[in-house]
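Down below is the structure, laid out as structure tokens.
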Amino acid sequence: MNLASLSSSYLRARPLNTALSLMLLALGVATIVLLVLVVSQLEERMSRDARGIDLVVGAKGSPMQLILAGIYHADAPTGNIPLAAVQAFQKNRLVRKVIPLALGDGWKGFRIVGAGHEYLEHYGAKPAIGRLWDEPMEVVLGAEVAARTGVGVGARFAGAHGITGQGEEHGAAPYDVVGVLGRTGSVLDRLVLTSVESVWQVHEQEHGPEDKADRKALEEDREVTVLLLQYASPLAAAMLPRQINSQSELQAASPAYETARLFRIVGVGVEAMRAFAIVLIIAAGLSVFIALYTALEERRYDLAVMRTLGAAPGRLFGLLIMEGVVLAALGTLIGLALGHALAATLGAWLESQQQYPVTGLAWRAEELWLAAVALGVGLIAALLPAWRAYRTDVSRTLARG
Amino acid sequence: MISVRGLAHRYASTEVLRVPEWSVAQGERWLVLGPSGCGKTTLLHALAGLIRPSEGAVRVAETDLKKLDGGDLDRWRGATVGIVLQGLHLVGHLSVRDNLRLAQYMAHAPQDDARVADALGALGVADKAARRPADLSEGERQRVAIARAVVNRPKLLLADEPTANLDDRAAAHAAELLLEQAERHGATLVVATHDARVKQKFEKRLDLSA
């Protein structure tokens, strides 16, 4: 027998009170764990996807939409821009790198992105199977796309109009899969990649005129959807966005600024949930306090008996503190497990929706803090009951009954 | 074994106990008699070091209780005194066996299951070891309370109204058990009671009503 086993035995004898305290604490802890896991993983993924991209240029519209579509492939693009813009930026001395992307089609919910090989190099992606595209109409699948569709090298499929891939099919212009990329942990995992020419070809074949002269005209009007830019010097940050935004048909958006804005908007919801979780944890502390404090009256003989058996008052203090700490420790453990289970469930659902992946298997340093705070709440909740147990007047208690 | 001199105790300036002089030799069996409210329980608490009397000196087992400070007094009590409380007060959420282990743990005695089994066996309740106190009869609870008081082999065994609420046969039996257990462990026995039925079993009496 020791204080821990004595406390546990007492807590087991009051299953309803114990369950209530545990449940409140576990729910509070689980909510915070879930928030911490989801927010930190999203931030990590989003900053990794935006790494090395200083500016996104596209058609006029919402700058946040431009970022979501251009970098994260999570929104519809704002429109197209003339190909001539690409050449202009390539000549601009303020720009080190220009990556043009042509969007518009999808396949089984994954986006088909027309790009140069430099787009893959930017994220350090290499084919795990097969090779990169050389000819138009050859595609390379991101690791996640290959895994979820079960399609591999040698397969042939038709893209569908619309980025979700649920529009009308381009049956006349099928793609050939020539490679599958290794996993990068970036947005590329969820993309189908091909050359910009493939995207043009698909649309010109279907909607373009048969006449050669007209086709030539069409080719001169070719467009891309977005440009990902990397600055050559800090000076570019001061000059380029203003330059671009003053042109009538182009818009520049800074990923750093727009994602910060996005997290500020989402942050209101996150803060509200965090406040709710803190309320739950405080309620758990109160529940522990009330359970221990109100039980003192019916336990007064138990406590007095322990004194007659030779226990010093400090031991009764320790016993009550232990009960608070045991409750808090159990509640925290259940909460941590629940939080990770919820994150894993959410992750599985997001994955099935082809959204950002979230895992329940990662641990964060914040969770240690959270556990320490929860234990502290249990300890503080037990202080006053413990003090009253410490002050038990044995002789009077026993003389009363 | 026990030496009391000029003992008086007051609660809020009301005197509840006065024992001018009382000596008990090692191994003696005493009854402390008197009606309710005459200070029997207070005397037992003074002997066990549960209260510090307002006046006078109490020596138990060669120890002047006044000279022990809080923690030492608790430790001394655990090692020296076994108490059967009025109302027994077994701990309800613990099994019979754990009630005895609790006595060992709180007295800082080694946790010795053989000794627990021996104490329960000697009182005929070995088969109730795994039960909760609420599952036992009143007589069985009494035996467990006595077993808990003697499991640490105290030099002094105190019992407060052990025969209250018992019928004649059970009362006689409870007195027998206490005498038997005191004998078995070589303990001095002091029983506080207002119950005339057990008088003839004890030679030595201290009457507080006088």
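We did not get these values from a lab; they are worked out from the coordinates using the rules stated. Not measured: the values here are computed from a predicted model. Glycine gets a Cβ as well: all are built from the backbone with ideal geometry, and neighbour counts include every protein chain shown.
Annotations
- Spatially close lysines, pair count over chain B: Cα under 23 Å, gap of eight or more or interchain: 10
- Using alpha-carbon coordinates, inclination of helix A:313-352 to the longest axis of chain A, degrees: 20 degrees
- At 1.002 mPa s and 20 °C, Stokes diffusion of the stretch A:278-401 via Kirkwood alpha-carbon radius, µm² per second: 128 µm²/s
- Net charge of Cβ neighbours under 10 Å - reference A:ARG111; Lys, Arg +1; Asp, Glu -1: 0
- Pairs of alpha carbons in chain A whose separation is greater than 30 Å (percent): 56 percent
- Of every Cα-Cα pair in the stretch A:79-196, the percent that sits beyond 21 Å: 36 percent
- Over chain A: helical MRE at 222 nm, DSSP H runs n ≥ 4 each giving -39500 (n - 2.57), nearest 500: -20000 deg cm²/dmol
- √(5λ) per eigenvalue of the Cα gyration tensor, the stretch B:2-201, largest first, Å: 27, 20, 15
- Cα point-scatterer Debye curve for the stretch A:1-108, base-10 log of I(q)/I(0) at q = 0.14, 0.15, 0.18, 0.20 Å⁻¹: -0.75, -0.82, -1.01, -1.11
- With the alpha-carbon atoms of the stretch A:246-285 aligned to their principal axes, the span from lowest to highest coordinate is 59, 14, 8 Å, starting with the largest.
- Values of log10 I(q)/I(0), in the order q = 0.08, 0.11, 0.19 Å⁻¹, for the stretch A:55-253 under a Debye, Cα-only, solvent-free model: -0.26, -0.50, -1.36
- Stokes-Einstein diffusion coefficient of the stretch B:1-92, Kirkwood radius over Cα pairs, 20 °C, 1.002 mPa s, in µm²/s: 153 µm²/s
- With all pairs of different C-alpha atoms in the average, the Kirkwood value for the hydrodynamic radius of the stretch B:110-193 is 13.1 Å.
- Cα gyration tensor category, rounded, prolate or oblate, for the stretch A:265-333 with a/c compared to 1.5: prolate
- Cα-based radius of gyration for the stretch B:156-204, normalised by 2.2 N^0.38 Å, reads 1.05.
- Each peptide in A:31-42, A:252-263, B:196-207, A:144-155 was scored by the mean count of other Cβ atoms within 10 Å over its residues; highest first, the order is A:31-42, A:252-263, A:144-155, B:196-207.
- Chain A: angle of helix A:234-246 to the longest principal axis, Cα-based, in degrees nearest 10: 70 degrees
- Taking Lys and Arg as +1 and Asp and Glu as -1, the other residues whose beta-carbon sits under 14 Å from that of A:GLU121 total +3.
- Helix axis angle, A:15-50 relative to chain A longest principal axis, alpha carbon, degrees: 20 degrees
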